[in-house]
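The values are calculated or read from the model by the stated rules, or taken from the named source; none is laboratory data. Note that the coordinates shown come from a computational prediction; the quantities given were computed from them, not determined experimentally. Please note: Cβ atoms are built from the backbone with ideal geometry, for glycine as well, and neighbour counts cover all protein chains shown. All accessible areas refer to the heavy atoms of the entire protein, side chains included, with ligands and DNA or RNA removed. Shrake-Rupley method; radii C 1.70, N 1.55, O 1.52, S 1.80 Å.
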Amino acid sequence: MQNGIMIQFFHWYSRDNGTLWSYLSQEAPKLAELGVTAAWLPPAYKGSDGTNSRGYDVYDIYDLGEFDQKGTVRTRYGTKQEYIDCIKALQDNGITAIADIVLNHMGGADETEKIWVKKVDPEHRNEIVSDAFEIEAFTKFTFPGRKGQYSNFIWDARCFTGVDYDNASKETAIYKIQNEYGEGWDEVIDDEKGNFDYLMCADIEYRNEFVREELKRWGKWYLETTNFNGMRLDAIKHMSPRFINEWVDYMRSLKPDLFIVGEYWAPGDLPLLQKYLDATQGRMTLFDASLHHNLYDASNQGRDYDMSHIFDGSLVDAAPTFSVTIIDNHDTQPLQALEAPVNPWFKPLGYALILLREKGYPCIFYPDLYGTSYTDKGKDGNDYEIILPKCEELEALLLLRKNFAYGAQRDYIDHKNCIGWTREGNEDERTGCAVILSNGDDGNKHMEIGKRFAGKTFVDFLKGSPEEITIDENGWAEFLVKGGKVAVWVQKQIRMD
Ligand code: CA
């Protein structure tokens, strides 16, 4: 879709009052108005911690807020019916629904089992540091609250590669389960920690064909039940691409136009993202963790960051059709494990960089559009109150993407502190824009926007610069920007319906 925009319509601290699905249904018309074409919804199934779960600690993938399990029928975000209604409301407004799919691990088992394990070195997972011994592990999932509805599959230790807790000794460690599928972990593409198959809780064993079959059965059920349009695949760094490919191909056999974006979090490590794209052979796009890494650095270094290198090593530069560009997400926000929030002053610049250029599929982050605040413990154990102000320029930047940012692009990414580019516009003569941003002093840049605009007057759509600029007879002009800001120049007195 031309100039599509995704929104991650939640963050780690989205409230647990069960209203997210209905709230998103309500907001759908406004989002469509702003040009949003896809909404990424948080995991919809019951987590191990009931309404407190964000959904990434999966308990029962068939419980979308329908069964009395983990102390609640609804999830943190609402009921199954509200979820289905939300997807419908989005689609009625021309917005596709992206379901968050968490298939690496499960938590909150119903029963323990006595199983044989070997302990591994947490930093070198291929190094076994104990003989085989017996532990009492939380690996049996019977879902007594669901009573076999939709599926009577019972998960047990044969369905998992490892666990991190022995209920007998109360000891926490990484225990490789001794099963028939191999001495070691399942294959993943990277060698971080030796092998990073194991992430958390009871980590799923995809070499077990019954597990693979059950997840295909579930995928079909989930798609038919909720009618989502796309999937965001969680934690794929910790899963075998062999399984992912098999499962994605199966899901696409049911829905050929299924959109997929994977979360392979490897900040600043483009070769690894490319290796994953090779392993999945064009089946999915990836979040551009490399670009996020650059934006984060730029936001922290101020004028010392060389903006002419902002796209260096990014996926949007190397493999643009596979890049979903982000400014922040629920993992990078303050107080989270991968905390690396882009500093607020830089957000308008960052959003201009992902929204107004030809390449990349931008995904905006809920708090940047709405603002939010929350309190949680930091790594030092103290409580912190975090205020994430909304990015005041974001709505205007979304409208610029929707209405103006079309046509040939001319780049002027050529100065340490002041860079810019122009878009020549398409057959609609109202379109086209010139973007200029500075992480230093007030700046100006001589840029070509195209002869079709010769003699036309341009103004800053973001209203940061009060001047009017006239395009010369050759289609060039000297565009202006205030220090530390972005300016987007469009034709004066243009109305967009
Ligand atoms: Ca795994």
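Scanning segment 417-429 for residues that are modelled with pLDDT of 95 or more, open to solvent by 30 Å² or more (accessible area, probe 1.4 Å) and closer than 17 Å to Val459 by Cα returns a single hit, Glu424.
Answer with yes or no whether Ile177 is of a type in the set (Val, Ile, Thr), under 25 Å from Asp49 (Cα atoms) and within 13 Å of the ligand (Cβ to nearest atom). Break it down into steps so the answer makes sense when it comes.
Working: of a type in the set (Val, Ile, Thr): yes; under 25 Å from Asp49 (Cα atoms): yes; within 13 Å of the ligand (Cβ to nearest atom): yes.
In short, yes.
Flag not set for Asp414, criterion: among the acidic types (Asp, Glu) and open to solvent by less than 50 Å² (accessible area, probe 1.4 Å). Scanning segment 6-42 for residues that are of a type in the set (A, V, I, L, M), in a loop (DSSP other than H, G, I, E, B) and surrounded by 22 or more Cβ atoms within 10 Å (Cβ to Cβ), which turns out nearest to the chain's Cα centre (by Cα)? Only one residue fits best here, namely Leu41. Can you find, within segment 85-98, the residue that is farthest from the ligand (Cβ to nearest atom) among those that are within 21 Å of the chain's Cα centre (by Cα) and surrounded by fewer than 21 Cβ atoms within 10 Å (Cβ to Cβ)? Within segment 85-98, the match that is farthest from the ligand (Cβ to nearest atom) is Gly94.
For Gly184, indicate whether it is of a type outside the set (A, V, I, L, M, F, W, C), modelled with pLDDT under 95 and within 16 Å of the ligand (Cβ to nearest atom). First the steps, then the outcome.
Working: of a type outside the set (A, V, I, L, M, F, W, C): yes; modelled with pLDDT under 95: yes; within 16 Å of the ligand (Cβ to nearest atom): yes.
Taking the combined requirement at face value, the residue satisfies it.
With Phe138, Phe143 as the choices, which residue is on the phi > 0 side of the Ramachandran plot, crowded, with 18+ Cβ neighbours inside 10 Å and touching a strand residue (DSSP E or B) at 6+ places or on another chain (Cβ under 9 Å)? Matching residue, one of Phe138, Phe143: Phe143. I'm trying to understand the selection: among the residues of segment 21-45, which are hydrophobic (A, V, I, L, M, F, W, C) and farther than 19 Å from Ile5 by Cβ? Passing the criteria: Trp21, Ala44.
Of the residues making up segment 118-133, those that are touching a residue at least 24 places away in the same chain (Cβ under 8 Å) and in contact with a Phe, Trp or Tyr (Cβ under 8 Å, 6 or more places away or on another chain) are Lys118, Lys119, Val120, Arg125, Asn126, Ala132. Just one of the listed residues (Tyr59, Tyr77) is of a type in the set (Phe, Trp, Tyr), touching a Pro at 6+ places or on another chain (Cβ under 7 Å) and open to solvent by less than 10 Å² (accessible area, probe 1.4 Å), and it is Tyr77.
So how many residues does segment 221-244 have that are within 16 Å of the ligand (Cβ to nearest atom) and in a helix (DSSP H, G or I)?
The initial filter retains those residues of segment 221-244 that are within 16 Å of the ligand (Cβ to nearest atom), namely 233-244.
This time we only want the ones that are in a helix (DSSP H, G or I), so: 236-238, 241-244.
Number of matching residues: 7.
Among the residues making up segment 252-293, a single one is surrounded by 17 or more Cβ atoms within 10 Å (Cβ to Cβ) and free of Cβ contacts under 8 Å to residues at least 24 places away in the same chain: Asp269.
Where strands (runs of 3 or more DSSP E) fall wholly inside segment 430-481, the ranges with 2 or more residues that are in contact (Cβ under 8 Å) with a residue 40 or more places away in the chain and crowded, with 17+ Cβ neighbours inside 10 Å are 433-438, 476-481. Out of all the residues in segment 391-411, which are of a type in the set (A, V, I, L, M, F, W, C) and either at positive phi or loosely packed, with under 15 Cβ neighbours inside 10 Å (or both)? Within segment 391-411, just Ala408 meets the criteria.
Collect the residues in segment 63-84 that are assigned to a helix (DSSP H, G or I), closer than 14 Å to Gly18 by Cβ and under 23 Å from the mean Cα position of the chain (by Cα), keeping them in residue-number order. Outline the logic, then answer.
Applying the first criterion (assigned to a helix (DSSP H, G or I)) to segment 63-84 yields 80-84.
Filter once more, keeping what is closer than 14 Å to Gly18 by Cβ: 80-83.
Within segment 63-84, Lys80, Glu82, Tyr83 meet the criteria.
Restricting Trp218, Trp265, Trp247 to those that are touching a Lys or Arg at 6+ places or on another chain (Cβ under 8 Å) and either away from the ligand (no atom under 16 Å from the Cβ) or assigned to a loop (DSSP other than H, G, I, E, B) (or both) reduces the list to Trp265. Give segment 369-381 a look and list any residue that's loosely packed, with under 13 Cβ neighbours inside 10 Å and either at pLDDT 95 or above or under 22 Å from the mean Cα position of the chain (by Cα) (or both), or say none. Once the filter is applied, which keeps residues that are loosely packed, with under 13 Cβ neighbours inside 10 Å and either at pLDDT 95 or above or under 22 Å from the mean Cα position of the chain (by Cα) (or both), segment 369-381 yields Ser373, Thr375. Counting the residues of segment 154-171 that are open to solvent by 20 Å² or more (accessible area, probe 1.4 Å) and within 30 Å of the chain's Cα centre (by Cα) gives 2.
Every test in (1) β-branched (Val, Ile, Thr); (2) without any contact (Cβ under 8 Å) to a residue 40 or more places away in the chain; (3) in contact with a helix residue (DSSP H, G or I) (Cβ under 7 Å, 6 or more places away or on another chain) is passed by Ile115 save one, and that test is (2). Within segment 194-215, the set of residues being within 12 Å of the ligand (Cβ to nearest atom) and either more than 24 Å from Asp60 (Cβ to Cβ) or open to solvent by 50 Å² or more (accessible area, probe 1.4 Å) (or both) comprises Asn195, Phe196, Leu199, Met200, Arg207.
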